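> I am attaching a structure below and will ask some questions about it afterwards.
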Amino acid sequence: MITDMSTVIWKEWKSLFRQPGSRLRMALTVLIPLGYFGIIAPLQAGGEFTTGAEPWFIAVVLPLLTVIMTAPDSFAGERERKTLRTLLASTLSDSAILWAKLGFAVLLGMAMMIATLVLAMVVVNLFTNTTGVAAIGVARLIHMIGVSLLLSAMAAGAAVLISLRAETVQQAQQTLAAVFFVIPSVLGPVLLITSGDGESGPVVAFFDWLGTTSGRLTVVVVLAVLAVILLTAARVGFRRTRLVS
Amino acid sequence: MEQPIVEIDELTKYYGTLAALDGLSLSVARGSIFGFLGTNGAGKTTTINILLGLVEPSGGAASVLGFDVVDESDEIRTRVGALLDETGLYEQMSAYENLWFYARAWRLPKDQAEARVERVLSDLGLWDRRHDPAGSWSRGMQQRLALARAQLHDPELLFLDEPTAGLDVVSAREVRDHLAGLVGRGTTIFLTTHNMTEAEELCDRVAIIHRGRLLADGHPDELLSASGYEVNIEGVNLDGAAEAIVRRPDVVSCVSEDGRLRLRLTTPDPSAVVADLVAAGVSIHEVRRGTHLEDAFLELVREDS
């Protein structure tokens with residue numbers, strides 16, 4: 001199964017930058033966040049970058065963005081380009097196809113996050129006035145990578161689940177974007193409006209709680225449960241005989 | 001007696017209330033080219049999808065290479081190749097990369113995969129352009145590349161859905177010659193086509209389906225004999241010549257129109273009839289057989305409609 005998965009991942013990698021218009025789209029998707037979070041934000045924050053909110057933003061937003069850009073293509077893209085039936089008629093197992101496509105999206109998201117963090121650390125240490133070597137604390141880094149991995153897996157699970165049924169990549173991307181961006185962007189202001197003044201409302205209390213050990217653990221557990229649910233749903237939803245009409 | 005390579009027994013498939021397959025039964029012998037003929041929507045693609053384990057049947061049973069299509073479809077896919085109604089090529093990847101991906105998917109060892117890719121690309125005259133993106137190729141070349149991919153792992157059985165559809169005469173001929181060569185090396189081919197001349201030329205046996213039901217099944221000559229062999233004769237002094245041959249036992253019908261005779265015979269060999277016409281004073285310029293299988297096909301489909 002590992003060999004089959006690596007075969008599919010190889011194909012996904014070869015195809016990634018070769019879709020019509022995808023070079024420009026991927027360049028913008030990669031270079032803009034990389035430029036802002038890897039260069040501009042560290043230059044502005046200086047040594048405080050390692051303890052500020054920016055690394056968390058990199059750990060949460062970049063993998064999500066990368067997964068949302070790539071994972072909807074997993075099955076909807078094959079269907080749109082009329083390659084799905086031939087792929088399914090091959091000897092590759094259901095599990096190898098599914099986990100390879102999921103894994104590829106997660107790997108890309110994690111690679112994007114790690115590349116940006118490494119760049120940011122280089123910029124902070126070489127181009128800002130820091131005393132000694134500035135670095136993100138080990139516990140914080142492990143926590144960030146864990147959350148990032150779970151978020152990527154969750155998003156990839158949701159994306160593949162949507163992609164299995166979507167007729168086109170655009171349709172899959174729009175549905176996924178609605179789930180991950182529209183709902184939070186509507187709920188956020190609603191929460192803020194109902195949270196009273198800006199210093200002592202429930203939203204502030206919630207964010208304070210997130211900073212505690214129990215808050216961090218709870219977030220990890222909730223994300224892990226959601227990721228397992230979505231990945232299981234994707235596995236159950238992936239059956240050859242449901243994908244060909 | 002050798003077990004058929006494909007065996008279908010009372011197979012049904014319903015999409016809602018629509019019966020795509022309605023009690024289809026047939027078998028395919030090893031080492032043959034089996035022609036599966038039918039109009040659009042007759043159930044050909046559904047049958048292939050079921051045989052490849054991509055669609056579950058609503059009823060009946062089918063096996064490929066002795067493996068059940070529902071419970072053992074993984075075993076089937078390991079041993080067969082398929083060129084479906086679309087080429088299924090990754091157009092942004094090169095021809096070589098397309099084949100390399102599927103060679104690895106079929107778990108060919110690296111050195112064997114390299115050798116196989118080179119061999120099939122060379123056999124189909126595509127090796128020199130192996131680094132071109134598949135999407136930049138003509139329809140004929142893409143179809144040949146898809147055919148190369150289908151036979152990459154040396155399958156015992158090839159499913160080919162309209163392999164020459166949309167090809168020019170030269171490309172179609174190259175594909176047909178290639179298929180004949182494959183059968184010579186022991187591969188069995190399950191072929192769907194709308195081209196009756198192709199079916200007549202290539203197939204050892206044909207089955208005609210319509211509305212998901214089998215209308216006829218046999219050697220092309222057997223199907224032809226049911227409706228008679230059509231022969232068109234052009235020449236001089238044909239007027240009145242019909243009387244000289246119409247009573248022959250091998251003449252089913254004889255119509256004189258536009259200065260030619262249109263005959264339907266019980267035998268594929270018109271030489272005895274031609275001899276009688278010459279003896280009756282006809283000077284013959286041309287004897288041409290009609291597109292026989294097409295006539296038989298149309299007659300069967302019209303009767304069923």
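The values are calculated or read from the model by the stated rules, or taken from the named source; none is laboratory data. Just so it is clear, the structure is predicted and the values come from calculations on it, not from any experiment. For neighbour counting, all protein chains shown are included, and Cβ atoms are generated from backbone atoms with ideal geometry for every residue, glycine included. Please note that ligands, DNA and RNA were not included when accessible areas were found on the heavy atoms of the full protein model with its side chains. Shrake-Rupley method; radii C 1.70, N 1.55, O 1.52, S 1.80 Å.
> Mind counting the residues in segment B:4-44 that are surrounded by fewer than 21 Cβ atoms within 10 Å (Cβ to Cβ), within 24 Å of B:N195 (Cα to Cα) and in contact with an Asp or Glu (Cβ under 8 Å, 6 or more places away or on another chain)?
Of the residues in that region, 6 qualify.
> Also: Of the residues that make up segment B:63-75, is at least one among the aliphatic types (A, V, I, L, M), closer than 23 Å to A:S15 by Cα and under 25 Å from the mean Cα position of the chain (by Cα)?
No: segment B:63-75 contains no residue that is among the aliphatic types (A, V, I, L, M), closer than 23 Å to A:S15 by Cα and under 25 Å from the mean Cα position of the chain (by Cα).
> Another question, if that's okay. Going by the conditions given, is A:L87 open to solvent by less than 10 Å² (accessible area, probe 1.4 Å), within 14 Å of another protein chain (Cβ to nearest Cβ) and in a loop (DSSP other than H, G, I, E, B)?
So A:L87 does not fit the description; no.
> Do we have B:R211 as assigned by TED's automatic domain parsing to the domain that holds B:A115 and either of a type outside the set (D, E) or in contact with a Gly (Cβ under 6 Å, 6 or more places away or on another chain) (or both) here?
Judged against the criteria, B:R211 is a match.
> I'm told A:E48 meets every condition in (1) over 20 Å from the mean Cα position of the chain (by Cα); (2) within 13 Å of chain B (Cβ to nearest Cβ); (3) open to solvent by 20 Å² or more (accessible area, probe 1.4 Å) except one. Can you identify the failing condition by its number?
(2)
One line per residue, one yes/no per condition, for (1) open to solvent by less than 60 Å² (accessible area, probe 1.4 Å); (2) closer than 17 Å to B:S32 by Cβ; (3) outside any loop (DSSP other than H, G, I, E, B):
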| residue | (1), (2), (3) |
| --- | --- |
| B:A199 | yes, yes, yes |
| B:I208 | yes, yes, yes |
| B:E222 | no, yes, yes |
| B:I233 | yes, no, yes |
| B:R247 | no, no, no |
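> Further question on the same structure: Test of understanding: among A:G109, A:G77, A:G103, which residue is surrounded by fewer than 19 Cβ atoms within 10 Å (Cβ to Cβ), touching a residue at least 40 places away in the same chain (Cβ under 8 Å) and assigned to a helix (DSSP H, G or I)?
A:G103
> Let me ask something else about it. Among the residues of segment B:45-104, how many are more than 9 Å from chain A (Cβ to nearest Cβ), among the aromatic types (F, W, Y) and open to solvent by less than 50 Å² (accessible area, probe 1.4 Å)?
1
Listed here are the residues, each with its yes/no results for (1) more than 19 Å from B:S25 (Cα to Cα); (2) in a strand (DSSP E or B); (3) small (G, A, S); (4) in the same structural domain as B:E294 (by TED's automatic domain parsing).
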residue: B:L37; (1), (2), (3), (4): no, yes, no, no
residue: B:N40; (1), (2), (3), (4): yes, no, no, no
residue: B:V55; (1), (2), (3), (4): no, no, no, no
residue: B:T78; (1), (2), (3), (4): yes, no, no, no
residue: B:E86; (1), (2), (3), (4): yes, no, no, no
residue: B:E97; (1), (2), (3), (4): yes, no, no, no
residue: B:A103; (1), (2), (3), (4): yes, no, yes, no
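> Could you list all residues from segment B:121-161 that are assigned to a loop (DSSP other than H, G, I, E, B) and either within 14 Å of another protein chain (Cβ to nearest Cβ) or open to solvent by 40 Å² or more (accessible area, probe 1.4 Å) (or both)?
B:G125, B:R130, B:H131, B:D132, B:S138, B:Q151, B:L152, B:H153, B:D154, B:P155, B:E156
> Please indicate, with yes or no, whether at least one residue in segment A:20-42 is of a type in the set (A, V, I, L, M), away from chain B (no Cβ under 14 Å), under 30 Å from A:G132 (Cβ atoms) and not in a helix (DSSP H, G or I).
Checking segment A:20-42: not a single residue is of a type in the set (A, V, I, L, M), away from chain B (no Cβ under 14 Å), under 30 Å from A:G132 (Cβ atoms) and not in a helix (DSSP H, G or I).
> Across segment A:197-229, what is the number of residues that are at pLDDT below 75 and acidic (D, E)?
The qualifying residues number 2.
> Quick one: how many residues across segment B:162-189 are surrounded by 15 or more Cβ atoms within 10 Å (Cβ to Cβ) and either under 21 Å from A:A89 (Cα atoms) or out of contact with any Asp or Glu (no Cβ under 8 Å at 6 or more places or on another chain) (or both)?
Looking only at that region, the number is 13.
> Here is a follow-up. Checking the conditions here, which among B:L293, B:L298 is surrounded by fewer than 18 Cβ atoms within 10 Å (Cβ to Cβ) and modelled with pLDDT under 80?
Of B:L293, B:L298, the one residue that is surrounded by fewer than 18 Cβ atoms within 10 Å (Cβ to Cβ) and modelled with pLDDT under 80 is B:L298.
> (1) at pLDDT 80 or above; (2) more than 25 Å from A:F49 (Cβ to Cβ); (3) in a loop (DSSP other than H, G, I, E, B): which one isn't true of A:I136, the others all being true?
Result: A:I136 passes all but (2).
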